[in-house]
Amino acid sequence: MEHYTTEESEAQPHKSSVSRFGQLIGSAPAMAEVFALADRVAPCDVNVLITGETGTGKELLAHAMHDRSRRSSGPFVAFSCANLPDTLIDDELFGHERGAFTGAESQRRGRFETANGGTLFLDEIGDLPLALQSRLLRVLQERRFERLGGSGTVSVDFRLICATHRDLEAMVREGTFREDLFYRLNVVQLRMPPLRDRRDDIDLLAKSFLEWFASKFSKDITDFSAAALNALVEYDWPGNVRELENVVQRAVVLAENSILELTDLPGELSGAVNCRLEQETSYDVEVRDFKRRLIMRTLRVCGGNKSEVARSLHIARPYLHRLIETLEVDGVALEARERKRLSAA
């Protein structure tokens, strides 16, 4: 399981503050909204559908909701439906009786049974075959089932939280996902945003991972260099937070100094940054100049108080500091340059 933070507290939806929900952490407004909604839904015994790309932390969100539910003293049972044959999923979910098939030498309880009294988390529910979708729907409606090879009925009581990176509504239209099951699962939907849409959180997460892995591997590593941190922020992270975690773990293991440098990161990160710089258009230059002017003007209005600037612009203070550094907002020099530009115009 990914380790996003070692600290746990209630969700805090203030835009400029760090929000935590279980092991998840974020300062982006999108994450604060997810945490606030999840915190409201957690105590209510309803089905929840968590959507989002792979690696965004859907299972961690589900586990945190379980911990805040009335079923927290019961088990949290997780199972992924991805890339498994129908027969294996069938056995994993329903279990089997002794002699149900060749090799079934004893009775085996499935995930439905082991989740009794707690929460069942089904990951990648969009990969569940149609035949099993109808059987899952029946369990949700009747709260009982039969093990494979058995005739006796087993009664169960669990809360269901599902997750998927697929578009289930499109699958319903295509006929590859049952409409009645979709509505049964989609009582409340929570969407985990991809990491590229919450870049404010990258340095927060990266430093949390750095602290965790440095402690785990007994390495005296305290921070990232500016170039390394910039590469992390500029990269698009197709594998999302899980990929970031793996990259930081690798860097901590291989690093020889107390500061993680750009050379400690995989080549594709620095390559992506260089490629982006080479392809930078005049539009990008104009946007960067606009950001410089906006920050300079807000600094003047706020009397140089960076906390006030961050609140005024609705961004996290660490992100503001990074903008000031990457955009070369050094106050006096840039202000003089700005006056010169305006006078020339």
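The values are calculated or read from the model by the stated rules, or taken from the named source; none is laboratory data. Note that the coordinates shown come from a computational prediction; the quantities given were computed from them, not determined experimentally. Counting neighbours? That spans all protein chains shown, and the Cβs are built from the backbone with ideal geometry, glycine included.
In the list E142, E179, E146, which residue meets the criterion of being touching a residue at least 12 places away in the same chain (Cβ under 8 Å) and more than 23 Å from E243 (Cβ to Cβ)?
Values: E142 fails: touching a residue at least 12 places away in the same chain (Cβ under 8 Å); E179 fails: touching a residue at least 12 places away in the same chain (Cβ under 8 Å).
Only one candidate passes the filter, namely E146.
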Within the range 233-255, does at least one residue satisfy the condition of being modelled with pLDDT under 95 and hydroxyl-bearing (S, T, Y)? yes
Count of residues meeting criterion [of a type outside the set (K, R) and surrounded by fewer than 16 Cβ atoms within 10 Å (Cβ to Cβ)] in the range 76-100: 7
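State yes or no: is S155 among the small types (G, A, S), out of contact with any Cys (no Cβ under 8 Å at 6 or more places or on another chain) and farther than 19 Å from S19 by Cβ?
Details: among the small types (G, A, S): yes; out of contact with any Cys (no Cβ under 8 Å at 6 or more places or on another chain): yes; farther than 19 Å from S19 by Cβ: yes.
The answer is yes for S155.
Only one residue in E59, E53 is touching a His at 6+ places or on another chain (Cβ under 9 Å), closer than 21 Å to F121 by Cβ and at pLDDT 95 or above, so which one is that?
On the way: E59 fails: touching a His at 6+ places or on another chain (Cβ under 9 Å).
One residue alone meets the criteria, E53.
Per-residue answers, yes or no, for (1) under 23 Å from T326 (Cα atoms); (2) of a type in the set (A, V, I, L, M, F, W, C); (3) assigned by TED's automatic domain parsing to the domain that holds Y319:
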{"site": "W212", "(1), (2), (3)": "no, yes, no"}
{"site": "S225", "(1), (2), (3)": "yes, no, no"}
{"site": "L232", "(1), (2), (3)": "yes, yes, no"}
{"site": "L244", "(1), (2), (3)": "yes, yes, no"}
{"site": "V252", "(1), (2), (3)": "no, yes, no"}
{"site": "N257", "(1), (2), (3)": "no, no, no"}
{"site": "L260", "(1), (2), (3)": "yes, yes, no"}
Looking at (1) surrounded by fewer than 16 Cβ atoms within 10 Å (Cβ to Cβ); (2) among the aliphatic types (A, V, I, L, M); (3) part of a loop (DSSP other than H, G, I, E, B), find the lone condition where A170 falls short. (3)
Determine whether the range 53-67 contains at least one residue that is in the same structural domain as P129 (by TED's automatic domain parsing), crowded, with 21+ Cβ neighbours inside 10 Å and hydroxyl-bearing (S, T, Y). yes
Are any residues in the range 71-124 part of a strand (DSSP E or B), modelled with pLDDT of 95 or more and of a type outside the set (S, T, Y), and if so, which ones? F76, V77, A78, F79, L120, F121, L122, D123
Of all residues being part of a loop (DSSP other than H, G, I, E, B) and among the aromatic types (F, W, Y) in the range 194-252, which is surrounded by the fewest Cβ atoms within 10 Å (Cβ to Cβ)? Just the residue, please. F217
List pairs: first in the range 289-314 and in a helix (DSSP H, G or I), second of a type in the set (G, A, S), Cβ under 8 Å, 6+ apart or cross-chain? M296/G331; T298/S312; L299/G331; V301/S312; A310/S16; A310/A316; R311/S16
If you go through the range 30-42 one residue at a time, do you hit one that is over 26 Å from W237 (Cα atoms), out of contact with any helix residue (DSSP H, G or I) (no Cβ under 9 Å at 6 or more places or on another chain), without any contact (Cβ under 8 Å) to a residue 60 or more places away in the chain and surrounded by fewer than 23 Cβ atoms within 10 Å (Cβ to Cβ)? yes
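Out of curiosity, is R159 of a type in the set (K, R), crowded, with 17+ Cβ neighbours inside 10 Å and in contact with an Asp or Glu (Cβ under 8 Å, 6 or more places away or on another chain)? Can you show your working first?
Numbers: of a type in the set (K, R): yes; crowded, with 17+ Cβ neighbours inside 10 Å: yes; in contact with an Asp or Glu (Cβ under 8 Å, 6 or more places away or on another chain): yes.
Spelling it out, R159 is indeed of a type in the set (K, R), crowded, with 17+ Cβ neighbours inside 10 Å and in contact with an Asp or Glu (Cβ under 8 Å, 6 or more places away or on another chain).
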Determine which single condition C44 fails, assuming it passes every other condition in (1) farther than 15 Å from Q189 by Cα; (2) more than 20 Å from the chain's Cα centre (by Cα). (1)
